[in-house]
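Here's the structure we're looking at; comments come further down.
Nothing in this text is a laboratory measurement; each read-out follows from the coordinates by a stated rule. Remember, it's a predicted structure, so these values are computed and weren't measured experimentally. As a convention, Cβ positions derive from the backbone with ideal geometry for all residues, glycine included, and neighbour counts pool all protein chains shown.
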Amino acid sequence: MADAEIRAALDRHWAASNAGDDAGEGDIYLDDVELEYPQSKERFRGRRNVLDSRGHNPAGRRFEVRRTLGSGDLWVIEYVIFYDGRPVPTVSIMEFRDGKVARETQYFADPFEAPAWRARWRETKR
């Protein structure tokens with residue numbers, strides 16, 4: 001599968017995720033996909049388990065994709081998930097096989113206050 005086709009599939013995946021379209025979100029995954037959340041030490045095996053674990057999340061979710069990088073079978077997506085309005089910066093590493101995601105690893109980062117001692121070197125984003 002060409003990079004442009006994978007990129008289009010990723011764009012459809014995130015649009016479906018944002019719309020709460022479980023079927024559309026799941027199109028990108030192989031039936032035997034593995035999803036890992038290293039911070040909580042969770043692993044989900046199989047497309048149905050991945051989608052059910054997300055679909056039963058009680059929080060309202062919204063996604064803002066910031067950057068998509070990759071080629072071939074390895075893609076990295078930086079985005080923010082808003083859980084009931086609370087932003088959580090997130091990185092997904094997606095490994096493809098036969099044009100579908102075979103493995104996804106997600107890292108979640110809670111925002112934190114910048115320390116005052118770095119103020120003279122930084123720019124503050126809004």
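The helix-based estimate of mean residue ellipticity at 222 nm for the chain, built from -39,500 (n - 2.57) per DSSP H run of four or more residues and divided by its residue count, is -7500 deg cm²/dmol to the nearest 500. Sorted ascending by nearby beta carbons within 10 Å, beginning with the fewest, MET1, MET94 become MET1, MET94.
Starting from the Cα gyration tensor of segment 87-126, take the square roots of the eigenvalues, sort them a ≥ b ≥ c, and report rounded, prolate or oblate (rounded when a/c is under 1.5, otherwise prolate if a/b is larger than b/c, else oblate). It comes out prolate by the Cα gyration axes. In terms of other Cβ atoms within 10 Å, TRP121, TRP14, TRP75 run from fewest to most in the order TRP121, TRP14, TRP75. Ordered by the number of other Cβ atoms lying within 10 Å of each residue's own Cβ, fewest first, LEU30, LEU35, LEU74 fall into the sequence LEU74, LEU30, LEU35. With 10 Å bins beginning at zero, the pair-distance distribution over Cα atoms of segment 3-110 amounts to 15, 52, 32, 2 %. Helix 3-19 versus the longest principal axis of the chain: what is the Cα-based angle in degrees, 0 to 90, to the nearest 10? Helix 3-19 sits at roughly 70 degrees to that axis.
Taking the chain as a Gaussian network, Cα atoms linked when under 10 Å apart, which of SER40, SER17, SER92 shows the biggest mean-square fluctuation? Greatest mean-square fluctuation among the candidates belongs to SER40.
Compared with the rule-of-thumb size 2.2 N^0.38 Å for a compact globular protein, segment 5-68 has a Cα radius of gyration ratio of 1.12.
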